[in-house]
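Peer 1: Here it is: the structure, laid out below.
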Amino acid sequence: MMANTLQVKAQNVKKDSTYRKWFVGSSLYLLGNFDKVNSPEYVQLNFGYRITPKDVLSLDFKRSIYSFPLGIPFGSSSFDAKGENFPGHARILAPTIGYQRFWWKGLFTSVHALNAFEKYLDEDNKKIGNGYTLYLNFHVGYQLRFFKNRFFFEPAIGCSYWPVRTNVPESFKSVEKKWNNYFIQPGLNFGYNFDFKKKK
């Protein structure tokens with residue numbers, strides 16, 4: 001029975017001419033780079049592979065900077081307020097692995113593990129230390145598909161939680177200690193689907 005089920009799924013995929021196993025993408029968070037005052041210098045590049053039509057693995061690369069505790073709720077009066085920012089900023093390089101599961105049509109859940117290697121700099125832009133943070137991102141969203149499934153957009157709501165955070169300088173730690181080690185954020189990923197052409 002299992003063999004027959006897998007065979008039927010394979011046949012359905014082959015019949016669907018819009019199905020493509022690979023994708024590349026990024027995030028609309030890139031638009032934040034136009035902020036001349038607090039540009040995050042954000043870079044995100046996603047590579048993904050669909051193991052099945054419902055199960056997706058991805059390898060992402062993210063880079064950004066931040067100068068305030070990430071646990072401050074977005075929209076809070078403390079967000080980017082005087083005295084709440086770090087005495088400097090942190091730079092993040094984060095190779096990321098992810099798993100996405102589709103449940104019904106475009107409805108999905110996903111989990112991503114960001115291995116963030118962080119460099120801390122003071123207000124004079126001098127390095128004061130290196131650290132590591134493990135960020136776990138959980139999302140619930142819906143994938144919208146366009147142009148015969150060539151392009152997609154994934155609006156979502158997510159929670160970012162960091163259970164591991166090491167070697168944070170004391171000057172940074174004293175600012176962020178009163179905030180949570182999680183925050184709620186939207187997901188705004190987009191991408192392009194494709195398949196590698198087989199040689200005849």
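Peer 1: Among residues belonging to the stretch 119-133 that are closer than 30 Å to GLN100 by Cα and over 16 Å from the mean Cα position of the chain (by Cα), point out the one that is surrounded by the most Cβ atoms within 10 Å (Cβ to Cβ).
Peer 2: GLY131
Peer 1: Output the residues belonging to the stretch 134-169 that are surrounded by 15 or more Cβ atoms within 10 Å (Cβ to Cβ), among the aromatic types (Phe, Trp, Tyr) and within 17 Å of PHE190 (Cβ to Cβ).
Peer 2: PHE151, PHE152, PHE153
Peer 1: Evaluate the following for ASN38: is it modelled with pLDDT under 85 and surrounded by 13 or more Cβ atoms within 10 Å (Cβ to Cβ)?
Peer 2: Against the criterion (modelled with pLDDT under 85 and surrounded by 13 or more Cβ atoms within 10 Å (Cβ to Cβ)), ASN38 qualifies.
Peer 1: Scanning for something closer than 29 Å to ASN149 by Cα and either at pLDDT 95 or above or touching an Asp or Glu at 6+ places or on another chain (Cβ under 8 Å) (or both), does the stretch 121-128 turn up at least one residue?
Peer 2: no
Residue-by-condition table, conditions (1) assigned to a strand (DSSP E or B); (2) among the basic types (Lys, Arg); (3) more than 22 Å from THR166 (Cα to Cα):
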position	(1), (2), (3)
PHE68	no, no, no
PHE86	no, no, no
ARG91	yes, yes, no
ARG101	yes, yes, yes
THR109	yes, no, yes
GLU118	yes, no, no
LEU136	yes, no, no
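Peer 1: Being at pLDDT 85 or above and either closer than 19 Å to TYR49 by Cα or not in a helix (DSSP H, G or I) (or both) is the filter here; which residues of the stretch 7-35 pass it?
Peer 2: Those that are at pLDDT 85 or above and either closer than 19 Å to TYR49 by Cα or not in a helix (DSSP H, G or I) (or both): ARG20, LYS21, TRP22, PHE23, VAL24, GLY25, SER26, SER27.
Peer 1: Please go through the stretch 170-200 and give me each residue that is in a loop (DSSP other than H, G, I, E, B), surrounded by fewer than 15 Cβ atoms within 10 Å (Cβ to Cβ) and of a type in the set (Phe, Trp, Tyr), ordered by number.
Peer 2: Restricting attention to the stretch 170-200, the residues satisfying the condition of being in a loop (DSSP other than H, G, I, E, B) are 177-181, 195-200.
Filter once more, so that each one left must be surrounded by fewer than 15 Cβ atoms within 10 Å (Cβ to Cβ): 177-178, 180, 195-200.
Matches in the stretch 170-200: PHE196 only.
Peer 1: Still on this structure: TRP104 is checked against (1) out of contact with any helix residue (DSSP H, G or I) (no Cβ under 9 Å at 6 or more places or on another chain); (2) in contact (Cβ under 8 Å) with a residue 24 or more places away in the chain and fails just one. What number does that condition carry?
Peer 2: With (1) out of contact with any helix residue (DSSP H, G or I) (no Cβ under 9 Å at 6 or more places or on another chain); (2) in contact (Cβ under 8 Å) with a residue 24 or more places away in the chain applied to TRP104, the lone miss is (2).
Peer 1: Could you tell me how many of the residues in the stretch 138-161 are farther than 13 Å from PHE108 by Cβ, touching a residue at least 40 places away in the same chain (Cβ under 8 Å) and in a strand (DSSP E or B)?
Peer 2: Number satisfying all stated conditions: 2.
Peer 1: Every residue in the stretch 120-131 that is over 23 Å from LYS62 (Cβ atoms) and assigned to a strand (DSSP E or B), please.
Peer 2: Hit for the stretch 120-131 is ASP122, nothing else.
The values are calculated or read from the model by the stated rules, or taken from the named source; none is laboratory data. All of these numbers come straight from a predicted model, not from anything done at the bench. As a convention, Cβ positions derive from the backbone with ideal geometry for all residues, glycine included, and neighbour counts pool all protein chains shown.
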